[in-house]
Amino acid sequence: MLTVSDSIEIDTDVERVFEYLDDPYNHAEVTPSLSDVRDVEPLENGGKRLAFTYQMAGIGLDGELVQTVAEPNERLTFDMRGRLEGEIDLALEPTADGTQLTYTGRYDLPGAVLSRVAEPFVRRYNERELQTTLENTKNRLEVEE
């Protein structure tokens, strides 16, 4: 399993950051390779189930996200199912100047040999994608203030 994690401070209150990230369509605005979010439906736990398309190396990978944790103003956790498997965890913590957002992605790479060969590429790709997503989220929310 590949794990990537990074944090950013956003000069916006935690309630606003949570509200923005709780809308799955906003993830397509800030995540460069997320090309489509559709079929969003609410779950009894306060989370959502949705279909998505993620572009990697020019190939569209369809999958499903199921929100397993929806703790208002604290945490959003999603199980990722389909051709991409794993978990995405978004943790929010209030700071003196706004919100600390920590994004952690855990991804299963298919096949043992493929995993060993592809892991350095996939790690770098996901680290860049994560940094860009965090910066885009910060920029989007700080401009809207």
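Scan the stretch 22-70 for trypsin sites (Lys or Arg not before Pro) in coil per DSSP, keeping those whose Cβ has at most 14 other Cβ atoms within 10 Å, and list them by number.
Numbers: sites: Arg38, Lys48, Arg49; in loops: none.
Within the stretch 22-70, no trypsin sites (Lys or Arg not before Pro) qualify (loop, at most 14 other Cβ atoms within 10 Å).
Comparing Glu85, Glu127, Glu41, which has the greatest mean-square fluctuation in the GNM of the chain with Cα pairs linked when under 10 Å apart?
Of Glu85, Glu127, Glu41, the most mobile in the Gaussian network model is Glu41.
Over the chain, average the accessible area per residue using a 1.4 Å probe and give it in Å², no decimals. If you can, show how the numbers build up before the last one.
Numbers: 7660 Å² over 145 residues.
The answer is 53 Å² per residue.
Shape call for the stretch 11-59 from the C-alpha gyration tensor, a ≥ b ≥ c root eigenvalues: rounded (a/c under 1.5), prolate (a/b greater than b/c) or oblate?
On the way: a/c = 3.57, a/b = 1.31, b/c = 2.73.
Because a/c hits 1.5 or more and a/b fails to exceed b/c, the stretch 11-59 counts as oblate.
Where a ≥ b ≥ c are the square roots of the eigenvalues of the C-alpha gyration tensor, would you call the chain rounded, which needs a/c under 1.5, or, failing that, prolate if a/b is larger than b/c, or oblate? Kindly include the intermediate steps, with their values, before the conclusion.
On the way: a/c = 1.80, a/b = 1.42, b/c = 1.27.
Prolate, since a/c reaches 1.5 and a/b exceeds b/c.
Please give, to one decimal in nm, the separation of the simple spin-label points placed at Glu135 and Arg83, each 7 Å out from Cα toward the Cβ.
About 2.7 nm separates the two model spin labels.
Tell me the mean residue ellipticity at 222 nm calculated for the chain from its helices only (DSSP H runs of n ≥ 4, each -39500 (n - 2.57), averaged over every residue, nearest 500).
On the way: 3 runs with 48 residues, N = 145.
Roughly -11000 deg cm²/dmol at 222 nm, from the helical runs in the chain.
What part of the accessible area of the chain, given as a whole %, is carbon or sulfur when the probe is 1.4 angstrom?
Details: 3720 of 7660 Å².
The computed percentage sits at 48.
For Val66 and Asp11, what does the FRET efficiency come to when R0 = 30 Å and r is the distance between their Cβ atoms, rounded to the nearest 0.05? Present the calculation step by step, with values, prior to reporting the outcome.
Numbers: r = 31 Å, r/R0 = 1.05.
Calculated value: 0.45.
What's the angle, to the nearest 10 degrees (0 to 90), between helix 112-144's Cα axis and the longest principal axis of the chain?
20 degrees
Glu93 label point, 7 Å along Cα→Cβ, cut-off 11 Å on backbone N: hits in the stretch 1-17?
Those under the cut-off are 7-8.
The values are calculated or read from the model by the stated rules, or taken from the named source; none is laboratory data. Note that the structure is predicted; figures quoted are calculated from it, not measured. Positions of Cβ are generated from backbone atoms using ideal geometry, with glycine treated the same way; all protein chains shown enter the neighbour counts. Quick note on the areas: whole protein, heavy atoms, side chains included, nothing else; ligands and nucleic acids left out. Shrake-Rupley method; radii C 1.70, N 1.55, O 1.52, S 1.80 Å.
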